[in-house]
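S.K.: Quick one: the structure is below, and I'll ask about it shortly.
Any read-out appearing in this document is the output of simple, stated calculations on the displayed coordinates, not a laboratory observation. What you are looking at is a predicted structure, and each value in this text was computed from that prediction instead of being measured. All Cβ positions, even for glycine, are placed from backbone atoms using ideal geometry, and neighbour counts span all protein chains on display.
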């Protein structure tokens, strides 16, 4: 009996007609994803191609149908698809309500992650509907479906990489003889690539569902490798816990990614244990000593999850909730629950190895599904929770107005964060501080967290620009000479689409001009620094070349401890040119730049 069969019944054979339908559905998915994600939408189709409902359905339903369909006339199967369609539509509706009037990228990415998790954990429950009723929900069958889906994903990725390699080789070969057609077709024609993706997905799904012997062999190889890896990971996990008492928890609280690493370690052990512990095979897989080592690591897994929760809790107590921290807490929470369940299985007195795992994995998978649904609904809306918490901390004095993360509210929390920013314009703490109020208004007008603006906003800023007004708003440093009028007049073009011009004209003295001789051409260069951002000072150097002012360099100071002293030095004109100690070389009349290993003296 094959290993795949021991882990659960192979899904019923796929009829020839259904195979053709699977290929057609996958190609259709590629076409739909091209339309929704890559097609240059005309004004007439923009509302349709940017429809979040269509994007959600195109991303999920073809995969669910292709991996699950057996009989095209199965009412039970299509009923399950209908229920999932309604669920997906509800999640998309909630996403759309959070996207209104706000940058959508930071909201769309977590939603796509949610869809991937939902499809992965719901798909086996849909697939087992084609099994006999008396054994439909046996864990062995669910485990077989999880294995098949994981192998299908791996095969699809492998096929895509190999196909891309062949296409790249083909395009490069024909480029050698001056033929660009294949490079244009393969890499500059999105429709072609999306159709190739759909075709390869269909081929991998049909292969996985019709070649059980191939899947058995592949699964055995992967399981053999991971079975040898589990004791090593368990040893590392125990070694870390043994070293922790000698270093204390302070090192964890100071580390930037402690919670992530601890969670990854715990999840790695959980996944490896599931691979080694087959569904219907409770035989003890290792010699006694190694098995005790693995059991000890499993028994102590809750410590990892608890430490990760502790590290995340410290950040929440210090800085409040954010959508990322809510996702982290949910992930760590599931890991903690799973770790506790697996630890209980270790101390079970029955002779089998980890006998309770098969009983615990089903409710754990359903818990993940419920949490994914809840976090994309009013129940656990991360954007509502984060925004309400941040504003409450501001009102309670736990967070000062100057420390409030405006960019997080603007770009990471959707509509709710933007509504909160608009309301903050009437907040007494911002009204009383012109600097903070200008920063708030400028944040609202930005289209990205890096300070860019819409083309229309940039054009309007250039249209409203007056050199006389700019001279009044931008502070001239002590001892500096006034830049020539040509530089003032060219400033809108030099700073097009960037935040500097808008920031400088928003508040008097927020930008500082120094004039320096930096390139030994006997002409003063302009050193303009923008100090509006509370975390950084951004300076640019402008030089006159061929009778025209151009940007010659940039200096970016981020989170400097003595920021206020630096700003005061800029105002006082305490800026001096420092020549580089090492020189470049000139070879045959052309300057060649040398990149020195140690630039401390440059």
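S.K.: Below 8 Å between Cα atoms, with a sequence gap of 6+, how large is the relative contact order for the range 455-592 in percent?
M.R.: Reported as a whole number, the value is 20 percent.
S.K.: Counting alpha carbon pairs within less than 8 Å and at least 6 residues apart, what relative contact order, in whole percent, applies to the range 1-210?
M.R.: 38
S.K.: If neighbour count is taken as other Cβ atoms inside 10 Å, put 545, 250, 398 in order from fewest to most.
M.R.: Placing the least packed residue first, the sequence is 250, 545, 398.
S.K.: Could you order the peptides 516-524, 534-542 from most to least packed, using the average number of other C-beta atoms within 10 Å per residue?
M.R.: Descending mean neighbour count gives 534-542, 516-524.
S.K.: Mind checking the angle between helix 258-276 and the chain's longest principal axis? C-alpha axes, 0 to 90 degrees, to the nearest 10.
M.R.: Rounded to the nearest ten degrees, it is 20.
S.K.: Looking at [x] 88, 65, 59; [y] 105, 56, 44; [z] 76, 67, 39, which value of Cα extents along the principal axes in Å comes from a calculation on the structure shown?
M.R.: Given [x] 88, 65, 59; [y] 105, 56, 44; [z] 76, 67, 39, the structure-derived one carries the label [x].
S.K.: Work out the FRET efficiency for residue 395 and residue 109 from their Cβ-Cβ distance, taking R0 = 22 Å, and round it to the nearest 0.05.
M.R.: That pair, residue 395 with residue 109, gives E of 0.15.
S.K.: Which order results if 473, 215 are arranged by neighbouring Cβ count within 10 Å, fewest first?
M.R.: Fewest-to-most ranking of 473, 215: 473, 215.
S.K.: Using Cα pairs under 8 angstrom and six or more residues apart, how large is the relative contact order of the chain, in percent? Show your work: numbers first, answer last.
M.R.: Details: 718 pairs, mean separation 71.1, N = 602.
So the answer I get is 12 percent.
S.K.: Something else: Relative to the first principal axis of the alpha-carbon coordinates of the chain, what is the inclination of helix 105-127, with its axis defined by its Cα atoms, in degrees from 0 to 90 and to the nearest 10?
M.R.: That helix lies at roughly 0 degrees to the long axis.
S.K.: So what's the range 382-445 giving for Rg/Rh, alpha carbon basis, Kirkwood Rh from the mean inverse pair distance?
M.R.: Taking Rh as the inverse mean 1/r over Cα pairs, Rg/Rh reads 0.92.
S.K.: Suppose each label sits 7 Å from its Cα in the direction of the beta carbon; what would the residue 578-residue 254 distance come out to in nanometres?
M.R.: 2.8
S.K.: Which residues among the range 258-280 fall inside the zone where the amide N is under 20 Å from a point 7 Å beyond the Cα of residue 369, along Cα→Cβ?
M.R.: 279
S.K.: Only counting other Cβ atoms within 10 Å, I'd like 588, 548 sorted with the fewest neighbours first. Walk me through the numbers before you get to the answer.
M.R.: Details: 588 5, 548 10.
So the residues, fewest neighbours to most, are 588, 548.
S.K.: So what's the angle, to the nearest 10 degrees on a 0 to 90 scale, between helix 288-299 and the longest Cα principal axis of the chain?
M.R.: 50
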